[in-house]
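What follows is a single structure, written as C-alpha cells, with notes after it.
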Amino acid sequence: MNAYEVNFDGLVGPTHNYSGLSFGNVASTSNTKAVSNPKQAAQQGLAKMKALHDLGFKQGVLAPHERPDVASLRRLGFSGSDGEVVARAAKEAPAILAAASSASCMWTANAATVSPSGDTADKRVHFTPANLNNKFHRSIEHPTTRRLLQAMFADEQHFMVHEALPAQMHFGDEGAANHTRFCAEYDAAGVEFFVFGAAAFDGRYPAPQRFPARQTLEACQAVARLHGLSESGVVYAQQDPATIDAGVFHNDVISVGNRNVLFHHEKSFLEQGRVLEELSRKLAAVGGQFVPVEVPDAEVSVAEAVKSYLFNSQLLSKPDGSMIIVVPEECRNVESVWSYLQKLSSSGGPINEIRVFDLKQSMQNGGGPACLRLRVAMSASEIAAVNQGVLMSDDLFATLNAWVERHYRDRLSADDLADPLLLDECRTALDELTRIMRLGSVYPFQLV
Ligand SMILES: N=C(N)NCCC[C@H](NC(=O)CCC(=O)O)C(=O)O
C-alpha cells in the first residue's frame, strides 16, 4: 500500500468554553454557561491523536485560532486598543464576545472539504475551507483556516487550497462533516458523497421545520466544480429533514464512511435505497465493492444516535483490511448502542474492533471523535510534501502536552471571557505554537 488516510485533528484552543452558540446542536444548547476545562479538553484531544498514532495510523494536527477574534469585534464597531475592544464587547454585548471567543475551530471536520488527487481533474489534492455561514461564531473561522491549510499544504505541485465559497446562506458549507469519500484504495479514483440539508435555489426539495439546514445542495455542487470532480465520481443525497429537526445538525452525526464501507442509520437520507444503489454502482465502476452497514431504527433510535454519537465515530482501516471503530465514551452509556456495537464487532463484518475515548469536554459542545478530525487521503509522495511540523510524532506529542500544561487554564466560566488577560495568554501560546509546528505567520496578530 502506497497511500494513506491522514487524520488532522484540531488541537483545542485555550478559550474552549460553553456558550450555547449552536441552535440545532442539542449538546451545545443544553450546556450553555457550564464551566469548561480548556486544559483537559486539549489533553483529551491529544490523547486520542497519540493513541491512534501509536496504533500505526497516520496522524496530523491542525492548530487552533486566535481568540477572542479582535478583528471581528472591530468590524462590529468595538474600538480602542485590543484590550479596550474586549472590555467594551464584554460590557455592551457579552453574547457577541462569547461568540468571538469560541474555540470551535477544534472541530476540523468542518474546516474544509478535501478531494484526494485520485478524484480531481488536475491530480492535485484540493481543499475548500468551509464558510460555516450558519453560525456567526463559526463563520469567522475560514480566513485563518485557509492560511493554516496553505502553511501545511504549501506545495502547489501537489496541493490546491481554494477560497471559501461566498459566505451567504445560499452556499452554506460545513465542510467534510457532510462529505464522505469511498474508494478501493486511497490513491485510486473514488466516489465523493455530498450530503445536503436543503436546496437554496430549488423549491422542490423539502427542508427541516425546527432547526436550520446548514449545508445546501448548491454549496456541494460548487465544491465539486472547484475540485474538478467528474460526474461519474460524485453522488449527492439529501439528509432526512426530520433527523435535522431531531438534532442531527451534520451528516456525520448519522453516518460515517471509510473506503468501501458506509456505516449509517436507517433514517439517514431521503430515498435511501436509491442513494445506496447509486453509491454501489458508481463505486463498482472504479473497481470497488460497496458495503453498506445499516443500523435499524428498531435497534438504535435517532434520539439514541444523537445522545451517544454512535455515528460520529472514526472508521480506520487496519493493514488486514478490517476496520476499527473509534467511539466516544458516551456510547457505553446508552444500552442499545453499546449492545449494538458488541454485536457489530463480532458479526464477521468489516468493523471488528471498538476503541473508546473520553472526549467529554468536546462532546458537551456536540463534538465527537469524527468532528475533531479532517481526513486527507494522500500518497506517500504527497505526505512527504506536507509541512512535516504538523505530523504527529512522539516528540510533537510531548512538546504539545508541555505547551498545553504551560499555557492553558483548567477552568473557564462565562464571566472569565471578559478577562483581558485571556487574549494575551492566547496570543503568547499561539506565537509559540507557530514555531513548534513551523507554520510561519498565520494569525491576525502576527500579520499586522
Ligand atoms: N459534527 C461535526 N462535524 N462538528 C461538530 C461541531 C460542533 C459545534 N459546536 C459549537 O460550535 C458549540 C459552541 C458553543 O456552544 O459554545 C457546532 O455546532 O458547529
Alpha-carbon Rg/Rh ratio, for the chain, with Rh computed the Kirkwood way: 0.94
Please report, in whole Å³, the volume per residue of the convex hull around the C-alpha atoms of segment 302-448. 165
In 10 Å bins starting at 0, how do the alpha-carbon pair distances of segment 1-50 split up by percent? 23, 35, 29, 9, 4
For segment 269-367, list log₁₀ I(q)/I(0) at each q in 0.19, 0.21 Å⁻¹, using the Debye formula over Cα point scatterers of equal strength and ignoring solvent, two decimals each. -1.05, -1.18
Note, ³J(HN,Hα) from phi for segment 434-448, Karplus 6.51, -1.76, 1.60, rounded to Hz, x at Gly and Pro: 5, 6, 4, 8, 6, 9, x, 9, 10, 9, x, 5, 8, 9, 6
Only bridges whose two residues both fall in the chain count here: according to DSSP, what percent of them are antiparallel, nearest 5? 50
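So what's segment 115-171 giving for Cα Rg divided by 2.2 N^0.38 Å, two decimals? If you can, show how the numbers build up before the last one.
Working: Rg = 12.4 Å, N = 57, 2.2 N^0.38 = 10.2 Å.
Working it through for segment 115-171, the quotient is 1.21.
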Sequence-distant or interchain residues sharing an amide H contact under 5 Å with Asn258, placed H: which? Phe263
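Based solely on its DSSP helices, what 222 nm [θ] is calculated for the chain when runs of n ≥ 4 H residues each add -39,500 (n - 2.57) and the sum is averaged over all residues, nearest 500 deg cm²/dmol? Mind dumping the intermediate values first?
Values: 17 runs with 153 residues, N = 448.
Theoretical 222 nm ellipticity from helices: -9500 deg cm²/dmol.
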Taking the C-alpha atoms of segment 87-183, how large are the radius of gyration and the largest Cα-Cα span, Dmax, in Å? 15.4, 52
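Multiply the residue gap between Arg274 and Thr399 by 0.36 nm, knock off their C-alpha separation, and tell me the result in nm, one decimal place.
Values: separation 125, 0.36 × 125 = 45.00 nm, distance 4.89 nm.
Separation in residues times 0.36 nm, less the Cα-Cα distance, equals 40.1 nm.
Quick check: residue separation of Gln446 and Glu92 times 0.36 nm, minus the Cα distance between them. What number comes out in nm?
Working: separation 354, 0.36 × 354 = 127.44 nm, distance 2.75 nm.
Computed gain between Gln446 and Glu92 is 124.7 nm.
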Anchor Lys39: lysines whose Cα lies under 16 Å away (excluding residues fewer than 8 positions away in-chain): Lys48, Lys360
For the chain, with a Gaussian network of springs between Cα atoms less than 10 Å apart, report the residue from Val256, Val12, Val334 with the top mean-square fluctuation. Val334
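Can you put Ser117, Ser336, Ser79 in order of Cβ neighbours within 10 angstrom, beginning with the fewest? Can you show the working numbers first?
Numbers: Ser117 20, Ser336 16, Ser79 9.
Ascending number of Cβ neighbours within 10 Å: Ser79, Ser336, Ser117.
Can you sort Asp69, Asp297 so the residue with the fewest Cβ neighbours within 10 Å comes first? Write out the running numbers ahead of the final one.
Working: Asp69 24, Asp297 13.
Least crowded to most crowded, the residues run Asp297, Asp69.
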Two-decimal log10 I(q)/I(0) for segment 43-104, as the Debye equation yields it once each C-alpha is a single scatterer, q = 0.13, 0.25, 0.26, 0.30 Å⁻¹: -0.50, -0.95, -1.00, -1.22
Around Arg214: net Lys/Arg minus Asp/Glu count, Cβ-Cβ under 10 Å: 0
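Net charge within 14 Å of Val191 by Cβ-Cβ distance, Lys/Arg positive one each and Asp/Glu negative one each, not counting Val191 itself? If you can, show how the numbers build up before the last one.
Details: positive: Arg181, Arg259, Arg281, Lys282; negative: Asp119, Glu185, Glu192, Glu231, Glu277, Glu278.
Net of charged neighbours comes to -2.
Read the figures in this text as sums done on the coordinates, not as results from a lab. Since we're looking at a predicted model, the values are computed, not measured. A quick note on method: Cβ atoms are made from the backbone with ideal geometry, for glycine too, and the neighbour counts reach across all protein chains shown.
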